[in-house]
Amino acid sequence: MKTFITRLKTMNAHPEFRVYVIESSAIKRFFVLEIILGTLVYNLALYLSHNALLAGVGSWAGTEGVKRLPVVFKRIAFA
């Protein structure tokens, strides 16, 4: 407890102002991949399997697979 109080006092003694920069392309990429593509893959998996649990797993696996596709293509090209 004493170390927590000491750390809290030192943080308040030297306040920092942090700025986080998020590029708009990262927001667009997140929106397209996670929300739009995830919804499409979920609906497709739900239509094919008629199981919400499998559709959720398929949606997760589909979006993660699309995110990792460029790495796979680079490895194949340079192998």
For the pair GLU16 and ILE76, how long in nm is the line joining their label points, each one 7 Å along Cα→Cβ?
4.3 nm
Cα gyration tensor, the chain - rounded (a/c under 1.5), prolate or oblate:
prolate
Sort LEU54, LEU48, LEU37, LEU69 by heavy-atom solvent-accessible area, probe 1.4 angstrom, most to least.
LEU48, LEU54, LEU69, LEU37
For the residue pair LEU69 and MET1, what label-to-label distance in nm results when each label sits 7 Å from Cα along the Cα-to-beta-carbon direction?
5.6 nm
Ellipticity estimate at 222 nm from DSSP helix runs (n ≥ 4, -39,500 (n - 2.57)) divided over the chain, nearest 500:
-24000 deg cm²/dmol
In the chain the accessible area split gives carbon plus sulfur, as whole percent at 1.4 Å, a share of 70 percent
Nearest-10 value in Å² for the accessible area of THR63, using the 1.4 Å probe:
10 Å²
Out of VAL41, VAL32, VAL19, a Gaussian network model of the chain with alpha-carbon springs under 10 Å gives the largest mean-square fluctuation to VAL19
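The values are calculated or read from the model by the stated rules, or taken from the named source; none is laboratory data. Everything numeric here is computed off the predicted structure, so don't read it as measured data. Here Cβ is always computed from backbone atoms with ideal geometry, including for glycine, and neighbour counts include all displayed protein chains. Areas reflect the complete protein model, heavy atoms only, side chains present, ligands, DNA and RNA absent. Shrake-Rupley method; radii C 1.70, N 1.55, O 1.52, S 1.80 Å.
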